[in-house]
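Step one of this worksheet: look at the structure below.
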Amino acid sequence: MLQQAAQRATVNFARSRMDRVVDEHFRFEGRDDVQGVLDTLAHDVHHDVVGSPTGPLRGKAQARSFYEKIFADLAQQSVVSQRRYYGEDFVVDESLWRGTAVGNPLGFAGRNRPLAFRILHIFEFDGHGAIRRENVWMDTAAIAAQLRDDAPAPDAASSAPGGVVPPEPGAKATVLSLYEAFDRGALRNFGAVGSDFEARVFGATVLDWPGFVQFGQAFVDAFPHGRHVFDHVVTEGDTVSTIGRYQGRHEGNLMGVAATGKEVDFVVMHVDRVRDGRIVEHRGIGDIHTMWAQLGVAPPAAG
């Protein structure tokens, strides 16, 4: 019985120690205190924001660059933990982030608009209690929906009936037909697209319609039988959000990487806006770093 009591005390101490470090980490983030955040990390920390164009980062120097950029884009007001799960040396934290988009998060113009989204962290700790690994998943679809170019200001939204963007008839079917055409390699024949169409892929790259067709064809050439599998399709007004996975076998050249014959299965999230039955805006992000890892190759160098 004494041994069991001692074990429980050890577990409780370990949890309280991890809680203290995580809470301190969040407090430093709320103050935009880069050095304070870094002080909670191990020297060789592995820092991975899933879907980020930077990919996984290693060490405090690379982590510093990330935090300097994110603090310039987002001003945190609060992070409220909804629930936590514990392992021997790790914590899984699900929180609600609230703050202001002061810069250009995910390539969107923030224009000092309020922002709220769910965020999931996995923190692993070393023997000294420092964070040796931080994995982060942000609800990028929610961020995109709140910061899209036509998102109404709070006073404009309140002046509309009910403060809601009027529904776009058939928006869901139109958007799903886009991804069906993408997977068939038939984007060139897709007609439900506006003349002012603009796409942002992987958070930053801006494409017009011909550029997006070329982008899609590159994936079809590399993954002839690839397909989008959506777990969630949410329609709100003129906007359709799709969250799921892209799956396929690498059978052709992709950005200079020859076919490997390996399967890929990685997370994708999109937000598409429809006007008068035509898609005029596409925002997409995918966990391409997982894709490259699944192919067993390093990501091609930029440029």
Exercise for the section: Mind checking the full-extension length gain between Gln247 and Ala173? Use 0.36 nm per residue of separation minus the Cα-Cα distance, one decimal, nm. Expected result: 24.5 nm
Practice task
Treating the angle as unsigned and between 0 and 90°, give the value, to the nearest 10°, between the Cα long axis of helix 171-184 and the longest Cα principal axis of the chain.
Solution key: 90
Exercise for the section: In debye, nearest 20, what is the charge dipole magnitude of region 205-303 about its Cα centre with +1 on Lys and Arg Cβ and -1 on Asp and Glu Cβ, if you could check? Expected result: 140
Handout entry: Calculated [θ] (222 nm, deg cm²/dmol) that DSSP helices of n ≥ 4 give over the chain, each run adding -39,500 (n - 2.57)
Key = -10000 deg cm²/dmol
Problem - Qualifying aspartates and glutamates (Cα of each under 19 Å from Cα of Lys69; at least 8 residues distant if same chain) - result: Glu29, Asp32, Asp33, Asp39, Asp48, Glu134, Asp139
Exercise for the section: Please report how far the C-alpha centroid of region 25-41 lies from that of region 237-303, rounded to the nearest whole angstrom. Expected result: 32
Problem - Carbon plus sulfur fraction of accessible area for the chain, probe 1.4 Å, in percent - result: 53
Practice task
Please compute the net charge surrounding Val37, taking Lys and Arg as +1 and Asp and Glu as -1 over other residues with Cβ under 14 Å from its Cβ.
Solution key: -3
Practice task
Find which of Thr174, Gly51, Phe197 sits farthest along the positive direction of the dipole of the chain, computed with +1 on the beta-carbon of Lys and Arg, -1 on that of Asp and Glu, about the Cα centre.
Solution key: Gly51
Problem - Average Cα contact separation per residue, region 230-303, under 8 Å, 6 or more apart, as relative contact order % - result: 25
Handout entry: Net charge dipole size for the chain [Lys, Arg +1 and Asp, Glu -1 on Cβ; Debye, nearest 20]
Key = 300
Handout entry: Label-to-label distance, nm, for residues given as His232 and Arg83 (7 Å Cα→Cβ offset)
Key = 1.5
Practice task
Just order 75-88, 271-284 by mean Cβ neighbour count inside 10 Å, highest at the front, would you?
Solution key: 271-284, 75-88
Exercise for the section: Could you work out how far helix 2-30 tilts from the main Cα principal axis of the chain, as a 0 to 90 degree angle to the nearest 10? Expected result: 50
Practice task
At 1.4 Å probe size, with every protein chain present, just tell me what the per residue accessible area of the chain comes to in Å².
Solution key: 51
Practice task
At a 1.4 Å probe radius, which order do Glu24, Glu236 fall into by accessible area, largest first?
Solution key: Glu236, Glu24
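The values are calculated or read from the model by the stated rules, or taken from the named source; none is laboratory data. Computed from a predicted structure; not experimentally measured. Heads up, the Cβs are rebuilt from the backbone with ideal geometry, glycines too, and the neighbour counts pull from every protein chain shown. When the accessible area is computed, the model is the full protein with side chains, heavy atoms only, and any ligands, DNA or RNA have been set aside. Shrake-Rupley method; radii C 1.70, N 1.55, O 1.52, S 1.80 Å.
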